[in-house]
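Please read the structure below before turning to the comments.
The values are calculated or read from the model by the stated rules, or taken from the named source; none is laboratory data. Small disclaimer: the values here were computed from a predicted structure and weren't measured. Counting neighbours? That spans all protein chains shown, and the Cβs are built from the backbone with ideal geometry, glycine included.
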Amino acid sequence: MSTQSNAANELPLEARATAQTFISPGRRFYWSVRRELWENRSIYLAPAAAAGFVILGVLISVARGALHLSITVTTNGMTEQRGVAAFYDATMAAIMLVALIVSAFYCLSALHGERRDRSVLFWKSLPVSDLTTVLAKAVIPLIVFPAVMMVLIVATHVASLVIFAAALLAHGKSASMAWPSPGLPQMWGMTLYHIVAIHVLWYAPLYCYMLMVSAWAKRAPFLWAVLPPVAAGIVEKIAFGSSHIFLLLRDRLSGESSGAVTTATGGMKLDSTQIAPLHFLASPGLWLGLVAAVIFLAAAVRLRREQAPV
Amino acid sequence: MALIEAHGLRKRYGATVALGGIDLSIEEGRILGLIGPNGAGKTTALNAILGLAPFEGELRVLGLDPWTERDALMREVCFIADVAILPRWIKVSQALDYVAGVHPRFDRAKAEGFLAKTSIKRTSRVKELSKGMVAQLHLALVMAIDARLLVLDEPTLGLDLLYRKQFYDSLLNDYFDHTRTIVVTTHQVEELQNILTDVMFLNGGRIVLSHSMEEFEARYVEALVGPEQLAAARALKPIYEREVFGRSVLLFDGADRKQLAALGEVRTPSIADVFVAVIGGENGIYGASAKGVNR
């Protein structure tokens with residue numbers, strides 16, 4: 001032990017109380033988010049792996065000499081070949097899908113895993129409030145995942161562009177064939193809008209609901225998250241013959257009523273005509289969803305305080 | 001005001017009474033051993049003190065209500081709730097970084113100093129450490145926190161004798177000073193006896209014994225008597241009697257030592273002996289061996 005710490009031990013209590021360093025709530029929050037990233041490396045590794053596979057696919061296709069970038073799209077029973085833009089779209093969708101799945105699993109285990117391995121008793125022995133902890137966990141799906149998605153999409157697009165352009169040049173063709181229409185900056189702008197509108201704001205109640213279930217469930221948080229809404233929908237269907245619950249769930253997942261995506265063709269697509277922030281901001285679903293998200297988070301904070309390790 | 005002050009502290013789980021309205025007052029600078037059989041309410045009491053569970057009755061820890069003022073309390077209080085509850089994925093260096101990042105009273109250099117005495121590597125993850133090393137790591141983190149109250153709930157359960165001894169030695173030599181207070185529960189009472197300043201027995205959610213170690217040593221006395229002196233010794237109303245190698249060992253609560261010394265060898269009993277006498281008698285577990293005792 002150093003002589004300095006010996007001296008600190010001998011200080012009277014009052015002096016010791018003032019000798020402590022000040023730690024702001026912001027710093028506690030920062031360390032809480034960092035510890036989530038230490039624990040859950042899949043937050044960035046899984047989407048990065050998806051991006052890696054896209055680039056691997058691109059390299060193989062270039063090596064095979066397949067320079068005709070096209071993707072087969074089935075629309076209303078008709079098969080249609082779309083050009084280079086479709087490739088960039090598909091890349092984006094792949095990264096988003098992986099990030100969505102990982103983020104759902106993250107939310108469902110965030111407040112359950114720490115109770116299952118009893119490490120919650122260690123976290124609770126430190127001066128970090130339940131509110132700080134739950135907010136740090138909510139930041140992962142609401143800010144970290146969207147940021148990871150955006151960065152990886154841009155990086156994958158740029159890497160693919162470079163590979164395609166180089167391959168085209170090597171074959172004596174114009175490198176401009178690798179450039180999509182609309183161009184990448186427009187595409188990224190639309191992606192950013194889509195991520196903020198749908199993945200953050202529209203899906204916020206879903207993530208917060210999953211966090212709440214993970215704080216509550218003693219086991220199998222996935223089943224507890226999925227089965228009650230489905231059961232409620234079935235009961236409604238049988239008892240009243242209506243499907244309000246199923247429609248509500250479908251709309252929340254598809255983002256149909258948000259006005260931020262086109263779902264007319266069957267899948268969620270990005271379309272520049274859909275960038276209508278006023279329409280989106282005016283949709284009641286957005287605001288009701290955000291209110292629900294806050295309620296779920298408040299419930300998660302309360303549950304973390306009260307639930308014992310399982 | 002005492003560091004921990006409780007009046008009528010009670011807790012129920014459904015129909016089960018875990019704590020039946022206990023009163024306690026723990027002064028600063030004490031090392032209290034909270035001893036009791038399984039299900040006695042020790043962990044329930046500690047959870048209430050640490051603000052981990054709501055409770056009924058009155059309870060102040062450092063003048064704060066642990067349930068409603070938990071965030072403020074945790075700056076002054078630290079605890080080890082169990083062995084090996086450190087997250088398995090965390091690296092030793094990350095654990096140091098994190099605690100330094102969130103705890104205003106954590107002295108990182110001190111924690112590094114404690115770790116330097118062990119064979120724990122900074123780059124190891126908790127899951128790669130043995131159970132004893134996890135306990136060493138946890139203790140190093142906790143001892144580097146300048147807390148006014150340290151609560152240890154079975155901190156050495158499942159550790160081998162060497163780790164247990166080292167655990168309590170470092171606690172006493174490197175951590176304890178007279179401005180700190182430690183509350184510890186354990187089943188390994190023998191190893192704790194000489195570090196405690198106070199002892200409290202809990203059974204069935206009630207306090208059945210509460211003494212400072214001075215009081216304990218003055219009050220309880222054990223006499224080893226041969227068969228010829230047994231009747232005379234029994235007349236002094238022992239609370240417990242057992243046989244060791246053909247001699248009877250009688251435990252007395254508040255008997256005259258001089259009178260006993262005339263009958264046989266007199267010594268201070270261990271906490272474990274008194275525990276068996278008091279709690280075993282109450283719960284009827286050792287009823288058979290205690291037969292023939294005048295009550």
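Once region B:133-171 is narrowed to residues that are of a type in the set (D, E, K, R) and within 14 Å of B:ASP82 (Cα to Cα), the residue that is farthest from the other protein chains (Cβ to nearest Cβ) is B:ARG164. Of B:SER119, B:SER93, B:SER130, all but one fail to be within 11 Å of chain A (Cβ to nearest Cβ), surrounded by fewer than 20 Cβ atoms within 10 Å (Cβ to Cβ) and either in contact with a strand residue (DSSP E or B) (Cβ under 7 Å, 6 or more places away or on another chain) or over 22 Å from A:ASP130 (Cβ atoms) (or both); the exception is B:SER93. A Cβ distance below 7 Å, combined with a sequence gap of six or more or placement on separate chains, defines the contacts here; from region B:171-190, residues that are buried (at least 20 other Cβ atoms within 10 Å of the Cβ) reach residues that are acidic (Asp, Glu) in the pairs B:THR181/B:GLU28; B:THR185/B:ASP153; B:THR185/B:GLU154; B:THR186/B:GLU154. Determine, yes or no, whether B:ILE35 is without any contact (Cβ under 8 Å) to a residue 60 or more places away in the chain, in contact with a Phe, Trp or Tyr (Cβ under 7 Å, 6 or more places away or on another chain) and β-branched (Val, Ile, Thr). Here the answer is no, as B:ILE35 does not meet what is asked. For beta carbons closer than 8 Å, sequence separation of 6+ or different chains, a first residue in region B:135-155 that is outside the structural domain of B:VAL83 (by TED's automatic domain parsing) and a second that is in a strand (DSSP E or B) and crowded, with 24+ Cβ neighbours inside 10 Å, there are no qualifying pairs. One residue stands out in region B:55-90 among those that are under 29 Å from B:GLU27 (Cα atoms) and more than 24 Å from the chain's Cα centre (by Cα): the one that is nearest to the other protein chains (Cβ to nearest Cβ), namely B:ASP71.
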